[in-house]
Amino acid sequence: MFRINKEEFLKQLNLAVEWTDVLSRDFDFQNGFYGTVFRKTNPVINGIPLYSFDGDYTTWNIDEHNVENYELALEQAISRRISVKNKLSYNGKILCFTIGLTTNDGAAIVDSHCFFDESDVPPIDTWFYIIDNNNDYECEKANLFCWIPTGFIEVVQRGIDVEMMGSYLWLEIGDLLDVL
């Protein structure tokens, strides 16, 4: 299935669960901005911010098909996360996103209320682990793991339902922990 370093995967998953909980604690699910709630981190890659924002709409400023950009962005995002040492509650799901396997047609962004960006990528503050299966930066061979809190699963599923390339895969935390 996936070649995962169990210890690092669980460490980063726990930090993502805490971080997304902090960011979404008072989120207004009726009127909130799904596009920015989990994009508080905006790493700078080679002097360029990862994202540009137009209200709730997010655009990448760098190549969203280059796996190295994801790795650099994730490294910066993780370094900025704080641990609040709350008792963890795994109320959510893990979303696996195949980097570069999208059409960039905008369907996912619309149906997910901007949770996905214009390149169909989940928001960076949900990212916690990446696997480049061949270490050759070919986008179709990389998987990005994201933590999706329960309250956001419905809008994420709406985006998944209209994204035609099959770039998303839900992983149940319990099932995944059994195989790690």
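Tabulated values for the structure
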item: In segment 35-99, chymotrypsin sites (Phe, Trp or Tyr not before Pro) in a DSSP loop with at most 16 other beta-carbon atoms within 10 Å; result: TYR90
item: Cβ-defined net charge surrounding THR150, 14 Å radius [Lys, Arg +1; Asp, Glu -1]; result: -1
item: Cα lying deepest toward the dipole's positive end in the chain, options VAL22, TYR168, VAL156, charges on Cβ; result: VAL22
item: Nonlocal Lys pairs with alpha-carbon distance under 26 Å, the chain (8 or more apart, or different chains); result: 14
item: Helix-only [θ]222 nm of the chain, DSSP H runs n ≥ 4, -39500 (n - 2.57) each, per residue, nearest 500; result: -9000 deg cm²/dmol
item: 5 Å binning of all Cα-Cα separations within the chain, expressed as whole percents from 0 upward; result: 1, 8, 18, 23, 23, 17, 8, 2, 0
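Bear in mind these aren't lab numbers, they're just calculated from the coordinates by the rules spelled out. None of the values given here were measured: they were computed from a predicted structure. Note that we place each Cβ from the backbone using ideal geometry, even for glycine, and neighbour counts take in every protein chain shown.
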